[in-house]
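Visitor: Here it is: the structure, laid out below.
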Amino acid sequence: MMAAAGAATTYGVILLLGVAKDVLVLIGLGLFIAIGLDPAANWLVRRGLPRWASVSIIVVATLALIGGFLALAIPVVVSQVGQFVHEVPVYLREATSQNTFIGRLNTRFDLAHVIQKLGTGGNEISLVGGLLGAGKAVVGAAASTVIVLVLTVYFLADMPRIKGAAYRCIPNSRRPRAILIGDDILSKVGRFVLGNLITSAVAGVLTFIWLFLFNVPYALLLSLFVALMDLVPVVGSIIGGVVISLVALSVSLPVALATAGYVVAYRLFEDYVLVPRIMGTAVEVPGVVTLIAVTVGATLLGIVGALFAIPIAAALRLILQEVTFPRLDNS
């Protein structure tokens with residue numbers, strides 16, 4: 001009966017974790033960001049500011065960055081939507097003309113019939129349902145962002161107490177060594193966040209220079225987008241590169257191809273020059289381990305897993321070096 005009760009309890013806990021997975025991911029993301037910002041807060045505290053003032057300065061600076069990005073993005077999006085609506089009749093004329101590329105595609109693949117099915121719900125595909133789903137996704141993403149920001153503020157404000165409570169769960173005889181290793185792990189997370197910000201800033205600056213030289217529209221907005229996406233290891237730079245290459249098509253096909261070549265060249269530069277120098281110094285994780293960790297993390301938890309992967313790999317490597325290997329060598 002005890003074994004059956006233990007199995008049932010374990011199964012119930014697994015079900016609860018599965019149901020609460022999305023919430024736990026948000027909590028973990030908020031805690032991860034707070035740990036990354038904690039060195040900055042501690043630096044301000046060492047300069048004589050109280051903890052609440054340090055957290056307030058960091059929060060205000062973060063919100064200012066987000067507000068600046070939105071201030072640049074929203075007018076551009078509104079302008080582009082208005083321009084698209086204005087040019088819809090031109091697109092319709094091109095779609096029915098045999099002298100245009102779009103018209104020939106329409107004749108060959110019957111795109112007008114496919115679009116009609118999207119609007120009427122043919123083949124169980126509904127454009128209205130897609131729009132509602134997209135709206136629901138946007139609202140959900142906004143709500144998740146607000147939750148993560150609030151959790152980050154609370155975690156950052158109470159970080160000393162959180163660390164103290166976690167260390168008290170360790171037996172007193174092992175607590176000093178655990179504190180040293182734990183503080184080193186948290187320091188690596190903070191250095192990872194700082195190194196990630198540096199690589200993202202480099203990506204944004206170089207992208208802005210490239211887009212400005214080739215007169216690609218909205219170079220500043222696109223470079224900010226690339227910098228934000230580059231915060232996500234491996235997959236973020238790919239998404240940013242695809243977007244700027246597609247936007248470069250509005251200039252010309254050669255410019256779009258050249259932009260795609262720039263994206264590939266910068267990706268190689270980032271992977272083999274920037275990341276080994278910056279991340280290798282910050283978190284001391286070899287490049288092969290970084291690639292494997294990001295791939296596994298992205299497979300398990302998507303973008304959030306890719307973001308967590310490198311600090312977790314650094315923590316495991318530190319534990320192996322400081323705890324496991326010495327015990328094996330002395331056994």
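Visitor: I need the full set of residues from region 162-176 which are open to solvent by 100 Å² or more (accessible area, probe 1.4 Å) and not small (Gly, Ala, Ser), in order please.
Guide: Arg168, Cys169, Asn172, Arg174
Visitor: What are the residues in region 199-216 that are in contact with a helix residue (DSSP H, G or I) (Cβ under 6 Å, 6 or more places away or on another chain) and part of a helix (DSSP H, G or I), if any?
Guide: Thr199, Ser200, Ala203, Gly204, Thr207, Phe208, Trp210, Leu211, Phe212
Visitor: Follow-up question, since we're still on this one. Could you list, in sequence order, the residues of region 41-61 that are part of a helix (DSSP H, G or I) and free of Cβ contacts under 8 Å to residues at least 24 places away in the same chain?
Guide: Asn42, Trp43, Leu44, Val45, Arg46, Ala53, Ser54, Ser56, Ile57, Val60, Ala61 - these are the residues of region 41-61 that are part of a helix (DSSP H, G or I) and free of Cβ contacts under 8 Å to residues at least 24 places away in the same chain.
Visitor: Which ones in region 194-213 are surrounded by fewer than 17 Cβ atoms within 10 Å (Cβ to Cβ) and aromatic (Phe, Trp, Tyr)?
Guide: Hit for region 194-213 is Phe212, nothing else.
The values are calculated or read from the model by the stated rules, or taken from the named source; none is laboratory data. As the structure is a computational prediction, the values presented were derived from the model and not from experiment. Cβ atoms come from the backbone with ideal geometry, glycine included; neighbour counts cover every protein chain shown. Areas reflect the complete protein model, heavy atoms only, side chains present, ligands, DNA and RNA absent. Shrake-Rupley method; radii C 1.70, N 1.55, O 1.52, S 1.80 Å.
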